[in-house]
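Notes to accompany the following structure.
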Amino acid sequence: MLITIQNMFKTYNMGDTAVHALDGVSFTIAAGEFVAIMGASGSGKSTLLNILGCLDTPTTGNYLLDGVEVSGMSRTQLAGIRNRKLGFVFQNFNLLSRTSALENAELPTFYNRLFRGAQRRKRAAEMLSRVGLGNRLDHTPAQLSGGQQQRVAIARALMNNPPVILADEPTGNLDSRSSIEIMGLFKNLNNEGITIVMVTHEEDIAACAKRRIMMRDGQIVTTSPTGKAQP
């Protein structure tokens, strides 16, 4: 399995009260899956995605990513794992406003010794072409539509050739047409073998995934093929 979560808890202390953001979560994701994580606000889905992305650590439990236990790693080690194994796509795009699409896409490779100078720019141009923006390399975010900005973010996520892309409400700031285009792009990337884990609250967006994990009160209540999960 590419991702294995075993009996995971994430607990926050609110005064004298312990709040379980994750309450004994266990599941696996195989290489090449496209999984949607759903649930109401406060269900634990964002906490789970942060841990999957090595942006946070569990209170207890195990997280194996590509066979490596990462839940007990230091911040420096987690940063290395993020750079090599994970690509991120966010609802708000998280692009630098005064830099071009090419420069935004290049960012992850500044910490990757495999890419230098011209190699970095060539790779960024290739990834932007891959997402349909080969003619927008010099455009800043202000010169791009929301859908195009999200394509830049996806190109950035692909730069280090990660086996997993984590997407947090990737269509949350997009209109219906752009949402359909972005999900079509995700499906194409998944068909090429990239594993995608996506948090969404939208049923039609979740339907683009192959499997759905439903969460409530920090626990997984169902996991099933898309279209068969019950709230």
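At a glance:
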quantity: Matching residues in region 24-43 - criterion: being modelled with pLDDT of 95 or more, out of contact with any helix residue (DSSP H, G or I) (no Cβ under 7 Å at 6 or more places or on another chain) and surrounded by 18 or more Cβ atoms within 10 Å (Cβ to Cβ); calculated: ILE29, GLU33, VAL35
quantity: Residues satisfying the stated conditions in region 183-229, i.e. surrounded by fewer than 21 Cβ atoms within 10 Å (Cβ to Cβ) and either touching a His at 6+ places or on another chain (Cβ under 8 Å) or on the phi > 0 side of the Ramachandran plot (or both); calculated: GLY193, ASP217, GLY227
quantity: Residues of region 77-102 satisfying the condition of being over 18 Å from the mean Cα position of the chain (by Cα) and either surrounded by fewer than 18 Cβ atoms within 10 Å (Cβ to Cβ) or among the hydroxyl-bearing types (Ser, Thr, Tyr) (or both); calculated: GLN77, LEU96, SER97, ARG98, THR99, SER100
quantity: Yes/no for GLN148 being surrounded by fewer than 23 Cβ atoms within 10 Å (Cβ to Cβ), over 20 Å from the mean Cα position of the chain (by Cα) and part of a helix (DSSP H, G or I); calculated: no
quantity: Lone qualifier among ASN161, ASN173 - being surrounded by fewer than 22 Cβ atoms within 10 Å (Cβ to Cβ), at positive phi, of a type outside the set (Ser, Thr, Tyr) and outside any helix (DSSP H, G or I); calculated: ASN161
quantity: Members of region 120-137 that are in contact (Cβ under 8 Å) with a residue 24 or more places away in the chain and either closer than 15 Å to GLN149 by Cβ or aliphatic (A, V, I, L, M) (or both); calculated: ALA124, MET127, LEU128, VAL131, GLY132, LEU133, ARG136, LEU137
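The values are calculated or read from the model by the stated rules, or taken from the named source; none is laboratory data. Computed from a predicted model, the values in this text were never measured in an experiment. Cβ atoms come from the backbone with ideal geometry, glycine included; neighbour counts cover every protein chain shown.
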